[in-house]
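Asks: Here's a structure for you.
Every read-out reported here was derived from the displayed coordinates using simple, explicitly stated rules and does not represent laboratory data. What you see is a predicted model; the values in this text were computed from it and never measured.
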C-alpha cells in the first residue's frame, strides 16, 4: 500500500516539474540566465522522472537499484520507447553542471528541447494513463 501511495505522490511532483519545464520549452528564445534555469529545471525533472519510474517498477514487482537499471527495466517492459535517449540524458546530466560555459549551456539547451523533453512528456503520459 505504501508503494502505491509513494509512486503516485512522486508522479504528482514529476507532473508539476514537467509543467515548469514545459514553460521553458515553449518560450521562443531564452537569455543566458533562462538557459541556466532551463538546465536546472531539466535536472530536477529528470531526477523525478527516473525516481518515479523506480517507484512504479517496484510497485509492479520489479527490483531496481540504480538509475541505469531503472531505465533498462522500464525500456524492457516498454514503459520507455527509446532507452538510448534516457541513458544519454543520464550520462549528460553531469556535464550540464557546467552551465557557466555558455557554449556548453547552449548545447544542453538544444539537447533538452529536441531530445530529452519529448521522452519526458511521453513517460508522463504513459504513467498518467
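Asks: Given region 79-129 reduced to its alpha-carbon atoms as identical point scatterers, what log10 I(q)/I(0) does the Debye formula return at q = 0.17, 0.24 Å⁻¹?
Replies: Reported log10 I(q)/I(0), two decimals: -0.54, -0.89.
Asks: Taking 0.36 nm per residue of separation and subtracting the Cα-Cα distance, what length does fully extending residue 81 through residue 8 add? Present the calculation step by step, with values, prior to reporting the outcome.
Replies: Details: separation 73, 0.36 × 73 = 26.28 nm, distance 2.16 nm.
Roughly 24.1 nm would be gained on extension.
Asks: Let me ask something else. What is the helix-to-structure angle for 2-25, meaning the angle in degrees between its Cα long axis and the longest Cα principal axis of the chain, kept from 0 to 90 and rounded to the nearest 10?
Replies: It works out to around 20 degrees.
Asks: For the chain, find the longest principal axis of its Cα atoms and tell me its angle to the long axis of helix 102-111, 0 to 90°, nearest 10.
Replies: Relative to the chain, helix 102-111 is tipped by roughly 40 degrees.
Asks: Using only helices, what value at 222 nm comes out for the chain when you add -39,500 (n - 2.57) per DSSP H run of length 4 or more and divide by the total residues, to the nearest 500 deg cm²/dmol?
Replies: On the way: 6 runs with 97 residues, N = 129.
So the helix-based figure for the chain works out to -25000 deg cm²/dmol.
Asks: Given (1) 117; (2) 166; (3) 96 as candidate values of volume of the Cα convex hull per residue in Å³, which corresponds to the one derived from the coordinates?
Replies: (3)
Asks: As a test of understanding, state the convex hull volume per residue of region 1-75 from its alpha carbons, in Å³.
Replies: Numbers: hull volume 6.6 nm³, N = 75.
Roughly 88 Å³ of hull volume per residue.
Asks: May I ask for the Rg/Rh ratio of region 39-104, computed from Cα atoms with Rh as the Kirkwood radius, given to two decimals?
Replies: Numbers: Rg = 13.1 Å, Rh = 12.6 Å.
When Rh is taken as the Kirkwood radius, the ratio is 1.04.
Asks: May I pose another question? By how many degrees, 0 to 90 and rounded to 10, does the Cα axis of helix 117-128 deviate from the longest principal axis of the chain?
Replies: Here the helix axis deviates by roughly 30 degrees.
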